[in-house]
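Colleague: Got a structure for you, written out below as structure tokens; questions coming shortly.
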């Protein structure tokens, strides 16, 4: 253990949450040679496990660059690619999104924005050719140089590794009252931080997202379509379709309203047959200013949280940034520091 974090010599470190944030941070702690335990309570949100897992630096609805994505994207690609080779497994899939235009103005905006810095790497050509059962009379803009992560496989393979080392605790967190003075806990349990730490509740603007798994024999499996919802091909004619956004009933329970929304949006552009296999729900830990929530609450408690629906994009870079803060006392970037809300 290097001189920069000798203060942890007698500490036990706990990560609370085994979603994308907690899993990625745990892997970075492993790489730094820091022993730790991960809590995965049944009540924690399933949002990471059911997520599309897109590493996409562009807000498609507005064709805007995600803040600091020029840092996040290369770090994410490099981290997951290296991890695949190290583990001799596969959980990243390179893909293109074809965004279905609804208005002529969108096409013009796409062509203009495709010449802007950063966006010019990702906003590609406009396709005019037709696709069977897909209505896109104005064409489809190609979003390129992105990938998606099989989040369930990513999370589960790391949990299996933690189990083998007796470092995964699949039970209820007992709280800081059981910690020794030198122990540390890092909160990665998403929107539930609002409940455990009400002082940070004002930072959050969580949204419930619902998805459906469908069998669609006529949907193209070589691309992701996007038009209000996305169709993510999983293989063998199975697609993940999502997602809805709701600010009420913030839980992992599916709803008739959520399903109706997904079907309505899909039916606007896809006119082929499909069968609904399953409906899923989770709560995204969005932050009001759309920036992550990192930092220290006190000598024992830390936060690595608030990546919303962009955990795959953000987590690797932010985990390295947080590790340097946590282990080497380097300063956090102020716009990501939780102190902005305290």
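Colleague: Right, residue 76: touching a strand residue (DSSP E or B) at 6+ places or on another chain (Cβ under 6 Å), part of a helix (DSSP H, G or I) and touching a residue at least 60 places away in the same chain (Cβ under 8 Å) or not?
Modeller: Yes: the conditions hold for residue 76.
Colleague: A further question follows. Return yes when residue 168 is within 22 Å of residue 20 (Cα to Cα) and not assigned by TED's automatic domain parsing to the domain that holds residue 313 and no when it is not.
Modeller: So residue 168 does not fit the description; no.
Colleague: Go through segment 149-195 and give me each residue that's within 24 Å of residue 311 (Cα to Cα), part of a helix (DSSP H, G or I) and in contact with a strand residue (DSSP E or B) (Cβ under 7 Å, 6 or more places away or on another chain).
Modeller: If the condition is that a residue be within 24 Å of residue 311 (Cα to Cα), part of a helix (DSSP H, G or I) and in contact with a strand residue (DSSP E or B) (Cβ under 7 Å, 6 or more places away or on another chain), then 159, 162, 190, 191, 193, 194 are the ones that fit.
Condition check ((1) in contact (Cβ under 8 Å) with a residue 12 or more places away in the chain; (2) in the same structural domain as residue 24 (by TED's automatic domain parsing)) across all residues:
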| residue | (1), (2) |
| --- | --- |
| 248 | yes, no |
| 252 | yes, no |
| 256 | no, no |
| 271 | yes, no |
| 301 | yes, yes |
| 316 | yes, yes |
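Colleague: If you don't mind, another one. Looking only at segment 47-54, decide whether some residue is surrounded by fewer than 21 Cβ atoms within 10 Å (Cβ to Cβ) and over 30 Å from residue 137 (Cβ atoms).
Modeller: Yes, segment 47-54 contains a residue that is surrounded by fewer than 21 Cβ atoms within 10 Å (Cβ to Cβ) and over 30 Å from residue 137 (Cβ atoms).
The values are calculated or read from the model by the stated rules, or taken from the named source; none is laboratory data. Given the structure is predicted, the values throughout are model-derived calculations rather than measurements. Using ideal geometry, Cβ is built from the backbone for each residue, glycine included, and neighbour counts are taken over all protein chains shown.
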